[in-house]
Each structure stands twice: as structure tokens, then as C-alpha cells.
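Here the structure is laid out as C-alpha cells; the discussion comes afterwards.
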Amino acid sequence: MGYKVAVVGATGNVGREMMNVLAEREFPADEVYAVASRRSLGTEVSFGDKTLKCHDIEQFDFSKVDFCLMSAGSSVAKEWGPKIAATGCIVIDNSSYWRYDQDVPLIVPEVNADAVAGYTKKNIIANPNCSTAQLVVALKPLHDAATIKRVVVATYQSVSGAGKEAMDELWQQTKGMYVPGAEVEAKKFTKQIAFNCIPHIDVFMEDGYTKEEWKMLAETKKILDPKIKLTATCVRVPVFVGHSEAVTIEFEKPISAEEARAILREAPGIMVVDKREPGGYVTPVEAAGEFATYVSRIREDATVENGLQLWIVSDNLLKGAALNTVQIAETIINRRLLPNAA
């Protein structure tokens, strides 16, 4: 039996990637509908070898679809998530709005697929922050092996995580460094992003951390283990697609770099590329467009007992958003968790 899927926010970066992932993974869908705001009515988006015209979210009948993959921001998720869920359609939301609701599962299928069954409380499932998703995929198998006590992470996050306007700003500023009269003004970001790094993603909180940094802490605890201590510094870098993370991990039990490398090679969703030679690691350029989360630079940290250091890279529009969302829907199907599943 085929399923019916609506992609809300189909004209955005992540929405378009959702369409691509559904097609590439041959998701068992009889119908896929592109849905967006009224101003995008009739806008065409690609789905495999087809072209779909966008429907207006206010007029669309969600009772006729099984899954709503939503990437339209927190305000849309707040207003429309419960409305859509009330029709019987399962909402898988990519915004931050539902992530911290105790009645909404926060899912990375490679990490906590069992928790997906809890979706029935509100008929809503949350997708984690892009930087959290790739992190916990790598942490999970190591946590199972040696129990993680503490994580220190510095992120190097691409501009696509801030949307199309952010990507346009990087492009315009980069051109502007060389083309007389071209635009170099910072609009989307607080400072110039071209040829620069900005240690500020999302709003500042009272303790000095940003909301993005807090998200990584709160989401890692909810998805993986509430006992894990985590501190993060999140940095925006002049890369179009692909988030990178330098991660230091402290374990309760001894674990060598060689053991960690072997564990990660067998872990779902992980690709280890770790040669101790020039170029023997993965950068965002290689990760862009790929489904895997890449781990490189695996080494022991001599400054703490039972410490390791890793370099983690992934396409933030895929594993950090679109791919993870589709994988959640696949998990529901494979586990026969739909109300009408045989």
C-alpha cells in the first residue's frame, strides 16, 4: 500500500530537500503534495522527474494524507501542527517549536527509534536541530560502549542553516569583495559573513550562551541521555552547505581511538574517513549532498581520563533536516505504527 505525503514549506531550502529525499529513497508514496503559504500558491517545485504545483495550506485537506513533513518555521508549526494532527495526519516537524514538549517525541532514528511510538499522544513528532542530529548519531554507539559523561563541542555551521537569504548574503558579500559596486552589507547576519566567522547563532540567553548552544544541550539530553553534560560554542562560517563539529568526549570507561574507530565503522548512518595523512578526513564540500554523517580525526585526549576527540561533518539540509524527517516516517511505516497498519 502506498502512502500520501504533504510537504509543508515545500518552497524553502529544507522543503525542496524533503522532496528530493522522498524521491531518491523511493519512499512508498502514492501521492506527494507540495504545500506552502498562499503567496506561493501555484509555485512549481520538483519531485523526482515530476513538477508539482504548491497548494495553499489554508485550503488543503490534510485528512487525505498520512504524513505531513513540515519545515515552515515555529510560528507555522505552533498554529498548524495541532490542526493538521487533529485530522489524523501524522506531523513530523522540523522547527524548534515542539522539540521540548514532553508529549512530543524528539527523534533521530539511528539513536532513539523506540521513542517514536510516543507520537500518538499529540500525533506530532519533532525533528532535532541540525547540529544536534549529526552529533548524536556519532555519540550513540560510543555512549553504548563506554558511557559518556561530558561533551565539549565547537560547531562550524554553514549559512544554509539560516535559510536562502543567508546563502544569498554570503554569495553577494563574496562577490562584493572583488566586484566594484557589489553589495557587501550585513543584513541577515550581525557581521560580515564572507571570509569571516561569527560566534553567534540564534539569540543570547541570560547565562551568556546562545539559544543554539542551549538547544544542543537540551536535545542531546532528551534524545540520548539526561545524565550527559554538554557545553557548546556555535559558530557560523562562510560555507554554503554542511555543518562541521570539533567534539571532545569524556567517558566513564576506558575507550581507545582504535576501539572507537571500529565501533563507529559498524554504526548506522556513520561513515568513518580517518587517515592520518593530508586529506585523510572529510570536509563540508565532500559531505554536501550525501546522506551519511562523516567522522574523522579520531584520537585520544591526553588531558582527561578516558577522553576522545572527533571531527564530525554532515549535510545539514539532509541528516540535519530533510533526511532525518523522511527516516522518521519510514520508521513509523516499518514498525507498523500507523493506526491502520495491518
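The values are calculated or read from the model by the stated rules, or taken from the named source; none is laboratory data. Treat the numbers as computed from the prediction; the structure is a model and nothing was measured. Using ideal geometry, Cβ is built from the backbone for each residue, glycine included, and neighbour counts are taken over all protein chains shown. Accessible surface areas use protein heavy atoms only, side chains included; no ligands, DNA or RNA. Shrake-Rupley method; radii C 1.70, N 1.55, O 1.52, S 1.80 Å.
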Inter-centroid distance (Cα atoms) of the stretch 1-25 relative to the stretch 305-342, Å: 15
Of K83/K221; K187/K221; K229/K253; K140/K221, which pairs sit farther than 22 Å apart, going by alpha carbon to alpha carbon? K83/K221; K187/K221
Give the residues of the stretch 1-27 whose amide nitrogen is closer than 15 Å to a point set 7 Å from the Cα of E165 in the direction of its Cβ. 12-13
Rank E277, E44, E219 by mean-square fluctuation in a GNM of the chain with C-alpha springs under 10 angstrom and give only the top-ranked residue. E277
Along the principal axes of its C-alpha atoms, what lengths does the stretch 263-321 span, in descending order and rounded to whole Å? 36, 24, 19
With eigenvalues of the C-alpha gyration tensor scaled by 5 and rooted, the stretch 147-188, Å: 33, 11, 7
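May I ask you to compute the full-extension gain from D144 to V285, defined as 0.36 nm times their residue separation minus their alpha-carbon distance, rounded to one decimal in nm? Before the final figure, lay out the partial values.
On the way: separation 141, 0.36 × 141 = 50.76 nm, distance 3.04 nm.
Taking 0.36 nm per residue and subtracting the Cα distance, the gain is 47.7 nm.
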For the pairs K78/K227; K78/K319; K53/K222; K50/K121, flag any whose C-alpha to C-alpha distance is greater than 31 Å. K53/K222; K50/K121
Point-to-point label distance, K64-A86, nm (Cα→Cβ direction, 7 Å offset): 2.1
Radius of gyration and maximum dimension Dmax of the stretch 1-107, Cα, Å: 13.0, 40
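What number, rounded to the nearest 500 deg cm²/dmol, is the helix-based mean residue ellipticity at 222 nm of the chain, given -39500 (n - 2.57) per DSSP H run of at least four residues and division by all its residues? Mind showing how you got there, number by number?
Numbers: 9 runs with 97 residues, N = 342.
Helices in the chain give a 222 nm mean residue ellipticity of -8500 deg cm²/dmol.
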Between the stretch 85-130 and the stretch 206-220, the alpha-carbon center distance in angstrom: 20
Candidate span helices, the chain: DSSP H, at least 20 Å along axis from Cα coords, Kyte-Doolittle average at least -0.5, result 130-146
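Please state, as a whole number in µm²/s, the translational diffusion coefficient that the Stokes-Einstein equation yields for the stretch 108-166 at 37 °C and 0.692 mPa s, with Rh defined as the Kirkwood radius across alpha carbon pairs.
Result for D is 237 µm²/s.
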Among 259-267, 203-211, how do they line up by average Cβ neighbours within 10 Å per residue, starting with the highest? 259-267, 203-211
Hey, could you grab the Kirkwood Rh for the chain? Inverse mean 1/r over distinct alpha carbon pairs, Å, one decimal. 20.7
Using a Gaussian network model of the chain whose springs link C-alpha atoms within less than 10 Å, name the residue from R99, R25, R39 with the highest mean-square fluctuation. R39
On the formula 1/(1 + (r/R0)^6), with r taken between the Cβ atoms of Y100 and D207 and R0 of 22 Å, the FRET efficiency rounded to 0.05 is 0.80
Need one word for the stretch 67-177: rounded, prolate or oblate. Basis is the Cα gyration tensor (sqrt eigenvalues a ≥ b ≥ c); a/c below 1.5 gives rounded, then a/b vs b/c decides. oblate
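Would you list M18, M177 from the most to the least accessible area, probe 1.4 Å? Kindly include the intermediate steps, with their values, before the conclusion.
Working: M18 0, M177 90 Å².
Per-residue accessible area, sorted high to low, gives M177, M18.
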Convex hull (Cα only) mean projected area of the stretch 88-129, reported in nm² to one decimal: 2.8
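By DSSP, what percent of the beta bridges with both residues in the chain are antiparallel, rounded to the nearest 5? Numbers along the way, then the final one.
Details: 27 of 58 bridges.
Percentage antiparallel, nearest 5: 45.
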Gaussian network model of the chain, Cα within-10 Å springs - most flexible of A186, A218, A292: A186
Heavy-atom SASA rank of H143, H243 (probe 1.4 Å, accessible area, largest first): H143, H243
Diagonalise the Cα gyration tensor of the stretch 189-261 and give the resulting equivalent ellipsoid semi-axes, square root of 5 times each eigenvalue, largest first, whole Å. 27, 18, 10
